[in-house]
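The values are calculated or read from the model by the stated rules, or taken from the named source; none is laboratory data. Computed from a predicted structure; not experimentally measured. No Cβ is skipped: glycine too gets one built from the backbone with ideal geometry, and neighbour counts run over all protein chains shown. Note: areas computed on protein heavy atoms with side chains; ligands, DNA, RNA excluded. Shrake-Rupley method; radii C 1.70, N 1.55, O 1.52, S 1.80 Å.
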There are 4 protein chains.
Amino acid sequence: MENIKVTIWNEFRHEKSDEEVRKVYPNGIHEELKKQLGVDKQLVIRTATLDEPENGLTDEVLNDTDVLLWWGHMSHEEVLDEVVEKVRQRVLHGMGLIVLHSGHGSKIFTKLCGTNTGELKWREQGEKERLWVVDYSHPIVEGIGEYIELEHEEMYGEPFGIPAPDELVFISWFAGGEVFRSGVTYKRGLGKIFYFRPGHESYPTYKNEAVIKVIKNAVKWAKPLNYPKSVVGNTKPLEEI
Amino acid sequence: MENIKVTIWNEFRHEKSDEEVRKVYPNGIHEELKKQLGVDKQLVIRTATLDEPENGLTDEVLNDTDVLLWWGHMSHEEVLDEVVEKVRQRVLHGMGLIVLHSGHGSKIFTKLCGTNTGELKWREQGEKERLWVVDYSHPIVEGIGEYIELEHEEMYGEPFGIPAPDELVFISWFAGGEVFRSGVTYKRGLGKIFYFRPGHESYPTYKNEAVIKVIKNAVKWAKPLNYPKSVVGNTKPLEEI
Amino acid sequence: MENIKVTIWNEFRHEKSDEEVRKVYPNGIHEELKKQLGVDKQLVIRTATLDEPENGLTDEVLNDTDVLLWWGHMSHEEVLDEVVEKVRQRVLHGMGLIVLHSGHGSKIFTKLCGTNTGELKWREQGEKERLWVVDYSHPIVEGIGEYIELEHEEMYGEPFGIPAPDELVFISWFAGGEVFRSGVTYKRGLGKIFYFRPGHESYPTYKNEAVIKVIKNAVKWAKPLNYPKSVVGNTKPLEEI
Amino acid sequence: MENIKVTIWNEFRHEKSDEEVRKVYPNGIHEELKKQLGVDKQLVIRTATLDEPENGLTDEVLNDTDVLLWWGHMSHEEVLDEVVEKVRQRVLHGMGLIVLHSGHGSKIFTKLCGTNTGELKWREQGEKERLWVVDYSHPIVEGIGEYIELEHEEMYGEPFGIPAPDELVFISWFAGGEVFRSGVTYKRGLGKIFYFRPGHESYPTYKNEAVIKVIKNAVKWAKPLNYPKSVVGNTKPLEEI
């Protein structure tokens, strides 16, 4: 089986500035994800972070990435516009994109959706979340149970400012009374996108086996294939007119 | 029945610079559309063009518009970014948007779709186009036949750089051998969007009765309703947690 | 505004056999719905029930119906197969269909969906349900708030054995920890279908103002229009081949 | 890579009764497909035909099938209802289904769609068909070009009596002036379905390399995975109510 080249992008700020977060993810969320996903030797993983030159996403890195994971929160605005546009074009040309948790408000997800994806309800009280599978036929849910239960998570509630997804895979139930479209897919050009809700920085969500399984499935689903090359622009007729 | 406030936006350049186009639309495409659509007294119509201040789309105009029609071609890049962003936010808050023909490459349609909507095949040889209805249950096709035939049109061919539409209403057949998704709908936030392919500036397409009927149906389908007010941001739990 | 001819079909068994249900709906669920919806004079309403000849759905009734409402529960199997097939053909030719609550397991909904729509989780403990709007742009939610709260309802939980809906309008939260796709639309041929979850026979759900508003909106959304007449079968070419 | 167990079902009547068809497919369409697809050693292929006992689809065969291909035409009505229902349940529980050409009118496809899928325009004049890819991101189009051209095929034209597909992969252009949604996917329960238009019995379409490539891709896309086991019926609350 061919390797999949994965780049995990992380804002990597909370983990440096906030004691509580550092306790959960001492080396940053990206390193935890790398460790967890890296158990699968099909995945060849690198990381990139906001404070690296070009936000860590040089042409060299992007062109060598099959699937990009994105975690950001407080500093969405600091990501460089030209980097965002390069990532967008890479997705349109086939790179997979997995947007995690507060990445919903990132420039890249907003631009690919066209809507105010930063808009939703939220609450940080560490309440219970239960993510119910609603599309049992999707490769992204292979090998997990009928729901994933997380004892403590940040709440995200509807309305979520996304377009109607191509596929709705998970719906979350929250103890405080809300629901949320927690796992949604989109196609944009040749690229496949999966948004997956859980993963607040204060809770060890990315150490949860089922959460990791879903992300791993998503990476495999989103990897680029040998797609037809499309021809656009001024073209001659194929039939006499 | 309540009035619907329609604003027809037109680039209005070809009609001034090109003799051939001026013959077809002497007062501009916007004035022809206003005349044709205005037969329906439910529609209260104004126009706006690129070379007016703020591209004719001041806050006052936008806030007084239920449905915006958009025709542009060569000068997409000259539309002001701040105007585009205001239009986008108005759509997300409920204004309908009808994108016509070469408007597929406009900033506003590209931004709302998230993809390279300017990409498609094209050819100006005045060949025959036949737009087949493929969603007979849609209000947009009310009162027309099973297809619309246009003797001479510009060809647009797949691949068309749009996301999978929420609804596919028309597919075009072209004499030269191509097909095209000619009538597609999207929802973005509270707003409804319809892209409708025909309408090259050199042909009298906007004098075709069935084409006008489709646009009129689309305006009525896209008009904003009294939608629920959504609440976003930090919210208290509804249940004890 | 033109009248809409509505037929409310009800199994009408519980209300006769069960004391508790009779207290809530002494004349049957159909009569309550007729009373509540009938306040809107645009709707011309008749009822039909299982124990009438031809289940109350003669050709005369069906051909004179714009939108059919369906409530059934314990006796789905007793509905005549030939009646079900006639209803299905009427939907495919444009009649709207609103399937209510336990109607999810009806022959007609199962046949139009193609799946085991009777399958879901359920529990009768009168727990709290909160139906969240997730498609704010849909005419079906016009004039209601961001959710509908029902103090006591039967629980329905995922997985719900439906195909991915064309549009997802409501998601329910239940006190016991489940979620459910509570308001979903489908198009089948010329016909529009809306499934709406709430309405257990033991609770006065159909006296709830917002629930009635949603059903009324759905009736108006589902009414047949003057759609194009489709031509099928062996046809001559439109172009020389 | 794990094997995929494929069963190719064929009506197998034309090939016996019609000289012209026998010339193209002397051993039947199923044997040609078996030969062509069988080059890929990941596929373990058996065949089944109408005139075998239980239409060749015994429990033993069905339970040992990952993906079922279906070609039928004149004798749809002779397929046993109980076999159709068993196939349907197998699809709902995860078996992939590839419906080919005139299989659009089969009982199994009609039942899984819920609509009159037998309805479409058709014409047997051996005209040119060009199948355009419209979803470049789909695994089903991996490795083919931007269209497939077939010099001689039966024409199928819109309106096609299917529900709006989950994904639209191909649109056909026909020389005679029609278009058709030629490659469409549906999910039904755990099962994935692909309908693929070309393959009239009088033309050597199933010897076309690109056509075979698409069917092979579809088989791999439709194979069942290790999906979550769903729980339905009366269930206890997960939270205190």
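Based on Cα contacts under 8 Å between residues 6+ apart, chain C shows a relative contact order of 21 percent. Mean per-residue shielding of peptide D:154-161 is 6, counting Cβ atoms of other chains within 10 Å of each Cβ.
Axis-proximal residue of chain A for the rotation onto chain B, reported as residue and distance in whole Å: A:Gly114, 2, based on Cβ position. Dipole check for the range C:59-143: with +1 at the C-beta of Lys and Arg, -1 at the C-beta of Asp and Glu, and the Cα centre as origin, the magnitude is about 360 Debye. Per-residue mean of foreign Cβ neighbours for B:103-115 is 3 (Cβ atoms of other chains, 10 Å radius). Rounded, prolate or oblate: which one fits the range B:117-199, using the alpha carbon gyration tensor with axes a ≥ b ≥ c (rounded when a/c is under 1.5, else prolate when a/b beats b/c, else oblate)? Note, shape of the range B:117-199 comes out oblate. Among B:Pro53, B:Pro159, B:Pro204, the largest mean-square fluctuation in a Gaussian network model of chain B (Cα springs under 10 Å) belongs to B:Pro53. Inter-chain neighbour count for B:128-136: the average number of beta-carbon atoms from partner chains within 10 Å of each residue's beta-carbon is 6.
Using a 7 Å projection from Cα along Cα-to-Cβ, the label point at A:Gly145 is separated from the same position in the remaining copies by 3.5, 5.3, 6.1 nm, smallest value first.
Computed over protein heavy atoms with a 1.4 Å probe, the carbon and sulfur contribution to the accessible area of chain C reaches 48%. When each full DSSP H helix of chain D is screened for a Cα extent of at least 30 Å along its own axis and an average Kyte-Doolittle hydropathy of at least 1.6, none passes. Rg and Dmax over the alpha-carbon atoms of the protein assembly as shown stand at 27.6, 82 Å.
Across the range C:161-241, C-alpha contacts under 8 Å between residues 6 or more apart give a mean separation that, scaled by the residue count, equals a relative contact order of 18 percent.
Computed per residue of chain A from DSSP H runs no shorter than four, each worth -39500 (n - 2.57), the mean residue ellipticity at 222 nm is -6500 deg cm²/dmol. When only alpha carbons are used to place a centre, the range B:151-200 and the range B:47-65 end up 26 Å from one another. In the structure shown, the pairs C:Lys23/C:Lys192; A:Lys16/B:Lys229; B:Lys5/C:Lys223 are assessed against 30 Å; a Cα-Cα span above that value is assigned to C:Lys23/C:Lys192; A:Lys16/B:Lys229. Beyond a 28 Å Cα-Cα separation, which of these cross-linked pairs lie in this structure: A:Lys107/A:Lys187; A:Lys216/B:Lys187; B:Lys86/B:Lys187? As for pairs spanning more than 28 Å Cα to Cα, those are A:Lys216/B:Lys187. Label-point spacing for C:Gln125 across the identical copies (point 7 Å from Cα in the Cβ direction), in nm and ascending order: 2.1, 6.7, 7.1.
Label-point spacing at C:Glu54 relative to the other copies reads 4.0, 6.2, 7.4 nm, in ascending order, each point sitting 7 Å out from Cα along Cα→Cβ. Taking a ≥ b ≥ c as the square roots of the Cα gyration tensor eigenvalues, the range B:164-213 comes out oblate, since a/c reaches at least 1.5 and a/b does not exceed b/c.
Under a cut-off of 23 Å between alpha-carbon atoms, report the lysines in cross-link reach of C:Lys236, not counting same-chain residues fewer than 8 places apart. Hits, sequence-local ones excluded: B:Lys128, D:Lys121, D:Lys128.
Considering only DSSP beta bridges whose two residues both sit in chain A, what percent are antiparallel, to the nearest 5? That works out to approximately 55 percent antiparallel. Annotation: aspartates and glutamates with alpha-carbon distance below 17 angstrom to C:Lys41 (same-chain offsets under eight excluded): C:Glu2, C:Glu31, C:Glu32, C:Asp66, C:Glu209. Once you have a ≥ b ≥ c as the square roots of the Cα gyration tensor eigenvalues for the range A:1-149, tell me rounded if a/c is under 1.5, and otherwise prolate or oblate according to whether a/b is larger than b/c. It comes out rounded by the Cα gyration axes.
For the pair B and C, the buried accessible area comes to roughly 2500 Å² in total, with a 1.4 Å probe and the value rounded to the nearest 100. Think of a 1.4 Å ball rolled over the protein heavy atoms: chain D then has 35 Å² of accessible area per residue.
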